[in-house]
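Since the structure comes first, as structure tokens, the remarks are kept for the end.
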Amino acid sequence: MTDATRIQGTETTGTTFVLVPGAGADPRVYGATIEALRDLGHDGIAPPLPLDHADALPSDHAAAIVAAVRDLDRPAGDPRPASRRLAILGQSLGAFSASLAADRLRPDHLILLAPMIPKPGETADEWWAATRHAEAIASLRERFGPPADWDEEAMAELFYHDVDEATLAASAEFEGVPGTGLFEEPFAPSHWPFVPTTVLVPRDDRMFPLEFQRRVTRERLDGPGIDLVEMEGGHLPMLSRPRALAERLVEIAG
């Protein structure tokens, strides 16, 4: 488990962004994005997650997120940071735990970045077949085989194609393998969706292509208060373009 990465902004009326990574990544992967949020007058917090427990469930990760937010300075009895709006972001697989945390914290905004958009009653393991993801990356599967067979070349093609070598080397320590528990628990919020929600889709995401995300968003989150917003980049904009990601988050939350 790692220490929370948090950098305070200088304004008192901005937004506190709670940033949740995907696929077993160390939350410190958001360091540059948090720096950019600070420059824009906002706060960022990347809560520590139980990454060292392979059997930890999405609800266990959500509990860690909720605890970190409630540790921030706030008026007595208010679960949200004082004098600031609250936005929770979940990237990729992190959309499951971030959404569960949002169900408890009721933020002003939930942002799902390059997400595995959950559906009530569904596990992350069931998500792949339920969304017909294999069809969306059929050409890549022809080249590299099923995900269980992906080697370094496949990972570079799908995830790191727009990340420069220096950043990739510096962030290598933040890579991780998701615990099996993250795929085993059915998604079970009290309602869904329950707060204003934006799906933020990188146009060049090769893992979850744009048209795939548009379709899944329509099927799972159609309704008032739901938006789909695009940005440049691939699956990991916190590495490839952290400043642009921070600016996009501020626009969405504002």
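Every read-out reported here was derived from the displayed coordinates using simple, explicitly stated rules and does not represent laboratory data. Only a predicted model underlies this, so the values are computations on that prediction, with no experimental measurement involved. In this analysis, Cβ positions are derived from the backbone assuming ideal geometry, glycine residues included, and neighbour counts consider all displayed protein chains.
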Per 5 Å bin from zero, what fraction in whole % of the C-alpha pairs of the stretch 120-246 is there, up to the bin with the longest pair? 2, 9, 15, 19, 22, 19, 10, 4, 0
Angle between the chain longest axis and helix 94-105 axis [Cα atoms, degrees, rounded to 10]: 30
Which cross-chain or sequence-distant (5 or more) residues have an amide H under 5 Å from the amide H of G233, H modelled 1.01 Å from N in plane? R203, D204
Taking a quarter of the surface of the Cα convex hull of the stretch 186-238, what do you get in nm²? 4.4
Less than 20 Å from a label point 7 Å out along the Cα-to-Cβ axis of E165: which backbone N atoms in the stretch 235-251 qualify, by residue? 239-241
Taking a cut-off of 32 Å, what percent of all Cα-Cα pairs in the stretch 5-253 are separated by more than that? 14
Please give me the summed charge of the neighbours of G24: other residues whose Cβ is under 12 Å from its Cβ, Lys and Arg +1, Asp and Glu -1. -3
Note on the chain, DSSP bridge orientation, antiparallel percent to nearest 5 equals 10
Order by neighbour count: S97, S92, S171, fewest other Cβ atoms within 10 Å first, most last. S171, S92, S97
Nonlocal amide H pairs with V199, under 5 Å, H built at 1.01 Å: L112, D227, L228, V229
Which order do peptides 51-64, 21-34 fall in by mean Cβ count within 10 Å, highest first? 21-34, 51-64
At R0 = 25 Å the Cβ-Cβ FRET efficiency linking R203 and A54, nearest 0.05, sits at 0.15
Which distance in nm do the two modelled labels at E251 and A156 give, with both placed 7 Å along the Cα-to-Cβ direction? 3.2
